[in-house]
Amino acid sequence: MRYAARWPSRLALGVPAALALLLLVVPLVALLLRADWARIPTDLATPTVLPALRLSLTTTSVTAVLCLLLGTPLAWFLARSELRATSWVRALITVPLVLPPVVGGVALLMTWGRNGLIGQHLTPFGIQIPFTTVAVVLAETFVAMPYYVLAVEGAMRGLDPRLESVARTLGASDLRYLRTVGIPLVLPGIASGLALAWARALGEFGATITFAGNFPGRTQTLPLLVYVELEHDPQVAISISIMLLAVSVLVLGVLRGRWLR
Amino acid sequence: MSGAGAAAPGGGLDARVRLSRGAIEVDVALTAAPGQVIGVLGPNGGGKTSTLLALAGVLALADGHVHVGARVWDDGRRRLQPEQRAVGLMLADSLLFPHLRALDNVAFGPRSRGVDRHRARDRARTELDRVGLAAHAAARPRELSSGQQARVALARALATDPALLLLDEPLSALDPDTRARTRSDLATRLTAYDGVTVLVTHDPLDALTLADHLVFVEDGQVTQAGTPAEVLTEPRSTYVATVVGLNLYAGQGDSHGHVVTADGLIVTTSPTEGPVWATIPPSAVSLHRHEPEGSPRNTWRLRIASVTMQGQSARVGLLGDVPLTAEVTLESVTSLGLQVGQDVWAAVKATEVRTYPR
């Protein structure tokens, strides 16, 4: 009777669990199996791939710097604020996390486009944002910044607020406290926030293609090139994908022990 | 506030801290001359720490003022930020910056106040030397013992030459051995400090050994203030009486030496008329199986509520018309066979009862 009762429940749970695992793992295996390892170096060095690689690296690096410079102070305000409005602000900056990236792209167009909320004031000066490299950075920052802010805010909340009280009685301004005590103590949080945000920016597709377009050398990042090459030369698309997969695994390695156990 | 000593010209503290903290309305006045150490005592949650943080500028005053020397730190409307005040703060956990060496922890204050790196480190070395830690300048906080951490925290608080030094339970996080040693280190260092010190503690020993003026704060209000000698002999609240180890009664006195309390009558040879406090030292209480006879004395039949040991003596808590704590020898505990729940006779000579106006 024990076994009779046990096997059906094992199956009822085991089969869906195995299916879930297969759904997640098989695509990665399939990608690895289809890769032509010998070709990867030459594939990545072609005149189409190199500009996309360079563009992806520069735009994601600029995005990371923007996160660091703008996101850190925002995280600090969120972490120390006791106002009720803070939780609303936090909810608001979480929206880009769950928003379909295409919608993000449309929203960015409505902001920076020729007739957009801000764009209309730039047009008279001859400044055009959409479909430029700047637009790529804006799209990536839009989707990546929330990851950074939430990670760093979490780390800053872990600090004893009395450390700040003591630092201030010693004569330290907010800025000096943050520079000499606050930030050094949350460096691990900043590192993981940067890794998360950078990985998200590197994979950005929907908002970029909507808002920045797909111009080789100017707005065509690696994910966009993968999409194009899949029609044109699938093997190149696979080689780029393998490289992006490797980078993702590397980022996981950076986050290991902090976000994974 | 009585007996607090007016702020001396050219320095000192004159403050009245009023603020709301949760359910508690804090209203505490403090004055002190330079070099004085004020001990602020009281039960936990009574507003001691809030008062301290308001003096530091971390908490805002709802009303009142903070004057230090000739400077106005807070007048209830305009408030200097903590970093604009010449203040030093030391809390129970030393709260050293964990990523900085002891030397840089101490140099942090001077550096923040614009002193160049070289001179700030020189100053930090001097301060570490004054707390006996010159040899540990390069150590990180986690490499130091709790007592050493507390001394570094003190050095750090003093390295900015504060006019007001605020200590919040500076010894409470230490184990008993370390505490005794750190207490004497603290006492030595404070003697050489010429600013005002406010020491918040719930440990009467800290207060009696370090402070030269005591302020008791209960439920946000000052219940008693005075020199340790005054407080020790004439407590004016149940809490203060417990701290100094006296039985305290509020009553109505007459010229014949009678003090009528809520439930009982106490006889004294030092009468005070009108509303009075009466004290009975626990050591003056004797316990008996049968009603004692003889000279003018107080005798009450009371029930034993608790018996606790303290070294070679025992403290016996008694309940009845005149609730009383008696301190008797362990010998009498056994010879009288004292047990909780038992009724005994307690006797106190009238000469042992002190009275003073309420």
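None of the figures in this text is laboratory data; all of them are computed from the coordinates on show. Quantities reported herein were computed from a predicted structural model and do not represent experimental measurements. Cβ coordinates were reconstructed from backbone atoms using ideal geometry, including for glycine residues, and neighbour counts include every protein chain displayed.
Structure notes:
- Cα gyration tensor, the protein assembly as shown - rounded (a/c under 1.5), prolate or oblate: prolate
- Counting every pair of alpha carbons in chain B, the share spaced more than 29 Å apart comes to 50 percent.
- Selection among B:GLY257, B:VAL231, B:LEU59 by position relative to the dipole of chain B gives B:LEU59 as farthest towards the positive end (Cβ unit charges, Cα centre).
- The B:HIS290 and B:ALA229 beta-carbon pair, evaluated with R₀ = 41 Å, returns a calculated FRET efficiency of approximately 0.60.
- Relative to the longest principal axis of the Cα atoms of chain B, the long axis of helix B:146-158 lies at roughly 60 degrees.
- Between the range B:14-35 and the range B:150-188, the C-alpha centres lie 22 angstrom from each other.
- Point-charge dipole on Cβ atoms (K/R +1, D/E -1) for the range B:13-234, about Cα centre, debye to 20: 1100
- Inter-label distance, nm, simple model (7 Å from Cα along the C-beta direction), A:SER81/A:LEU250: 3.6
- C-alpha long axis of helix B:102-112 to longest principal axis of chain B, angle in °: 70
- Farthest positive-ward along the range B:233-337 dipole, Cα basis, beta-carbon charges - from B:MET309, B:LEU324, B:PRO292: B:MET309
- Within the range B:36-140: Cβ-based charge dipole about Cα centre, in debye rounded to nearest 20 (Lys, Arg +1; Asp, Glu -1): 300
- Within chain A: Cβ-based charge dipole about Cα centre, in debye rounded to nearest 20 (Lys, Arg +1; Asp, Glu -1): 920
- Spatially, the range A:55-118 and the range B:330-350 are offset by 76 Å when compared through their Cα centroids.
- With θ taken as phi - 60° and the Karplus curve 6.51 cos²θ - 1.76 cosθ + 1.60 applied, the whole-hertz 3J(HN,Hα) list for the range B:51-66 is 4, 4, 5, 6, 5, 6, x, 6, 9, 8, 6, 7, 7, x, 7, 9 Hz, x standing for glycine and proline.
- To the nearest ten degrees, helix B:117-130 and the longest principal axis of the Cα atoms of chain B are 30 degrees apart.
- For the pair A:GLN128 and A:TYR227 in one chain, pulling the backbone fully straight at 0.36 nm per residue adds 33.1 nm over the alpha carbon distance.
- Highest average first, the peptides A:23-29, A:208-214, B:220-226 ordered by how many other beta carbon atoms sit within 10 Å of their residues are A:208-214, B:220-226, A:23-29.
- Reciprocal mean inverse distance between Cα atoms of the range B:245-357 - Kirkwood radius, Å: 14.2
- For B:ARG354, the residues 5 or more places off, or on other chains, whose built amide H falls under 5 Å of its own are B:THR279.
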